[in-house]
Amino acid sequence: MAAWWINKAQGEEFCMTSQVEVGGLRSAKALSYVCAHRDELAALLAEDGAALRAVEAVVGRPPADDGSLTALLDALHTAVRHAGDPSGVYGGTGRSVMPTGVADLEVVYRCPLQLCIGRSGYEVDDGVPRCQFASGETALIRERLP
């Protein structure tokens, strides 16, 4: 489920090109959240981390179908909500499904595996964010928007 964004022209809207449009964006946003908050999710789920481990296992393999990833993300979302986070991995009113790079941003960090929507420069405090799904904790790719 690769997702990337193309700037048609400076000042115009960005368009998303992906293998799976709407469902893919929802899954990509959830994967971005899981990547950024993996340690907190693991602590929240404690001994019941099977759903998180299942998502981590399937992300590293070639995609069989997007339905299986969606089902695993749904199970993780339910587990996180049952553990006390009402927003789960899909988010609630506090999180947006707007992909990184759509608003007036200068710097974005793209997923090196093209699995998630990455992070905006505003979401990164110190250092370079790392992909929790890539081997060797590969750094996210820093990019300046035109």
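The values are calculated or read from the model by the stated rules, or taken from the named source; none is laboratory data. Source: prediction; values computed, not measured. When we count neighbours, we look across all protein chains shown, and the Cβ atoms used for this are built from the backbone with ideal geometry, even at glycine. The area values use the complete protein model at the heavy-atom level, side chains included, leaving out ligands, DNA and RNA. Shrake-Rupley method; radii C 1.70, N 1.55, O 1.52, S 1.80 Å.
Within the accessible area of region 28-88, what % is carbon and sulfur when the probe is 1.4 Å and the other protein chains stay in place?
Working: 1660 of 3070 Å².
Roughly 54 percent of what the probe reaches on region 28-88 is carbon or sulfur.
Per-residue SASA remark: Arg26, around 110 Å² accessible (1.4 Å probe; ligands, DNA and RNA not included).
Straightening the chain between Glu137 and His82 buys 16.9 nm, computed as 0.36 nm per residue apart minus the Cα-Cα spacing. Compared with the alpha-carbon gap, the fully stretched path from Glu106 to Tyr122 is longer by 4.8 nm at 0.36 nm per residue.
Please give me the summed charge of the neighbours of Gly118: other residues whose Cβ is under 13 Å from its Cβ, Lys and Arg +1, Asp and Glu -1.
Working: positive: Lys29, Arg110, Arg119, Arg130, Arg142; negative: Glu123, Glu143.
Surrounding charge for Gly118 is +3.
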